[in-house]
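Colleague: Handing you this structure, nothing more for now.
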Amino acid sequence: MGNFIWGGCDVTELAARFGTPLYVMSEDEITSRIRAVRACFDDRYDSCRTYFASKAFLTKDMLRILMREETGLDVVSGGELYLARAVGFPPEMIMFHGNSKTEAEIGCGLDYGVGCFVVDSAEEMLLIDRMASTRGVRPRILMRVTPGVEGHTHKHIATAGVGSKFGVPMELVRDTVSDGMRLRGASLEGFHFHVGSQLMDNACHMAALNIVLELMKRVRDELGFVAGTLDMGGGFGVAYVEGDAPKPIDSFIRPMTERVEEFCAAEGMPRPFLVVEPGRFIVGPAGITLYAVGSVKEVPDIGLCAGVDGGYPDNPRPALYDAKYAAVAANKCGCASLRRTTIVGKCCESGDVLIRDIDLPELERGDIIAVKCTGAYNHSMSSNYNKNPIPAVVMIKDGEPRLSVRRQSFEDMFAMEI
Ligand code: LLP
């Protein structure tokens, strides 16, 4: 039996050194995934930018990697913006999203000089315009539209169907653009759409793109509004378990850029500045989570049940989206005899089951479990439920681990108590 090596490190040693539960991220993997997007987007289309969707994973270290790679940042809250400011992330490389931004958040964005706001309604566009005029600044605005395409993904992460809470419904876009053409502080530059998350192929992206390109033509013909920017969102899927077969990133992005070029040439429209906003694709496979096994017992109808020292608070995705994960017993790799096991979390919730029915070596207290592909929406969605502290984050580069975010202490957790 051997130990599981990941990112050039023996993760059983990482667990012993940094404690569990532990988020482990690979800087090399993050960098190579950013560069993979670059290779099929930024390097192929003459005017474009990739913005990382920071909701997927946001730490100071992550921001520094993005700055080094000259990648933009999509933020959706005052908190995400605050951390970006804290490391001096260039404001002109930030895009401010969110369907219900507060005035305080908009104010912070304007004061920091955020380059672009994505608005979700006419009301919000007019508010940003007024606030920008008062400050004498002129941010760019993209209008998020709802193309009415149903994303082929879990219903909680599909975002562009008719009735979605996001964006301006298609039937209101024309009037909203017409309002946008009269802005005085801000300037309406174009459109944004995001079809959903964890999509396995480009069918929904292409369907939405075609609808939005027709919309761009319509507002040009009817209102004389020429969209200078088109943001095509994120949503590019990753493989969590065997059998997941997402299409390569190139097969999402290249056909979209080609379609834009072809449409614009055919319609005599200038090519827009293009944007994509991947989150999960960049960080999902670049992270694993380590747990220590606690109680192991036989449960009728379920079989062998191994409890670990984390679960719902560090990974709510199985409970929220029925998400599936793969895992290994990190200190018992290569063991020939396997038992069908269910890995359960430590929270007082029956739904806190990390993985059902996975074949693992016979587990006992103290074994280390490495759950794979936990780099996206795990650290960022972690909570203190049952007053469990947020795990530390270790970042590995060139086989060298470093503490990136320290483990939350009980003092940290209760620091706001009066
Ligand atoms: N752009 C916009 C406007 C978005 O709403 C999102 C994700 C993205 C980009 C990035 O999508 P990605 O490339 O990561 O799929 N918590 C859920 C995912 C929610 C995604 C929300 N929006 C999960 O854990 O699966």
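Colleague: Which of (1) of a type in the set (A, V, I, L, M); (2) within 16 Å of the ligand (Cβ to nearest atom); (3) over 17 Å from residue 184 (Cα atoms) is the odd one out, the single condition residue 83 does not satisfy?
Modeller: (2)
Colleague: Return the residues of the stretch 170-203 that are surrounded by 19 or more Cβ atoms within 10 Å (Cβ to Cβ), farther than 29 Å from residue 133 by Cβ and within 12 Å of the ligand (Cβ to nearest atom); say none if nothing qualifies.
Modeller: 195, 196, 197, 198, 199
Colleague: Restricting to the stretch 343-378, what's the tally of residues that are closer than 24 Å to residue 13 by Cα and either surrounded by 15 or more Cβ atoms within 10 Å (Cβ to Cβ) or out of contact with any Gly (no Cβ under 7 Å at 6 or more places or on another chain) (or both)?
Modeller: Initially, the stretch 343-378 is screened for residues closer than 24 Å to residue 13 by Cα, giving 343-346, 354-355, 358-376, 378.
From what's left, either surrounded by 15 or more Cβ atoms within 10 Å (Cβ to Cβ) or out of contact with any Gly (no Cβ under 7 Å at 6 or more places or on another chain) (or both): 343-346, 354-355, 358-364, 366-376, 378.
Qualifying residue count for the region: 25.
Colleague: I need every pair where a residue in the stretch 161-184 that is closer than 18 Å to residue 232 by Cβ has its Cβ under 9 Å from the Cβ of a residue that is of a type in the set (Phe, Trp, Tyr) and surrounded by 15 or more Cβ atoms within 10 Å (Cβ to Cβ), sequence separation at least 6 or different chains.
Modeller: 167/193; 173/191
Colleague: Any residue in the stretch 56-78 that is within 13 Å of the ligand (Cβ to nearest atom), in a helix (DSSP H, G or I) and surrounded by 22 or more Cβ atoms within 10 Å (Cβ to Cβ)?
Modeller: Yes, because at least one residue in the stretch 56-78 is within 13 Å of the ligand (Cβ to nearest atom), in a helix (DSSP H, G or I) and surrounded by 22 or more Cβ atoms within 10 Å (Cβ to Cβ).
Colleague: With respect to residue 365, determine if the residue is farther than 29 Å from residue 28 by Cβ and either away from the ligand (no atom under 16 Å from the Cβ) or not in a loop (DSSP other than H, G, I, E, B) (or both). Break it down stepwise before answering.
Modeller: Working: farther than 29 Å from residue 28 by Cβ: yes; either away from the ligand (no atom under 16 Å from the Cβ) or not in a loop (DSSP other than H, G, I, E, B) (or both): yes.
Here the answer is yes, as residue 365 does meet what is asked.
Colleague: Now a separate question. Could you say whether any residue in the stretch 229-247 is surrounded by fewer than 20 Cβ atoms within 10 Å (Cβ to Cβ) and more than 21 Å from residue 374 (Cα to Cα)?
Modeller: no
Residue-by-condition table, conditions (1) at pLDDT below 95; (2) among the aromatic types (Phe, Trp, Tyr):
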| residue | (1), (2) |
| --- | --- |
| 257 | no, no |
| 263 | no, yes |
| 267 | no, no |
| 283 | no, no |
| 294 | no, no |
| 299 | yes, no |
| 309 | no, no |
| 313 | no, no |
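Colleague: List, please: which pairs have Cβ atoms under 7 Å, are six or more places apart or on different chains, and start with a residue in the stretch 318-337 that is within 15 Å of residue 11 (Cβ to Cβ) and end with one that is away from the ligand (no atom under 16 Å from the Cβ) and modelled with pLDDT under 95?
Modeller: Cβ pairs passing all conditions: 332/1; 333/1; 333/2; 334/1; 334/2.
Colleague: Right, next: Given the criterion within 16 Å of the ligand (Cβ to nearest atom) and either surrounded by 14 or more Cβ atoms within 10 Å (Cβ to Cβ) or of a type outside the set (Asp, Glu) (or both), identify the matching residue among 311, 303. Walk me through how you get there before you give the answer.
Modeller: On the way: 303 fails: within 16 Å of the ligand (Cβ to nearest atom).
Of the residues listed, the single one that is within 16 Å of the ligand (Cβ to nearest atom) and either surrounded by 14 or more Cβ atoms within 10 Å (Cβ to Cβ) or of a type outside the set (Asp, Glu) (or both) is 311.
The values are calculated or read from the model by the stated rules, or taken from the named source; none is laboratory data. Values in this document were obtained by computation on a predicted structure and should not be read as measured data. Heads up, the Cβs are rebuilt from the backbone with ideal geometry, glycines too, and the neighbour counts pull from every protein chain shown.
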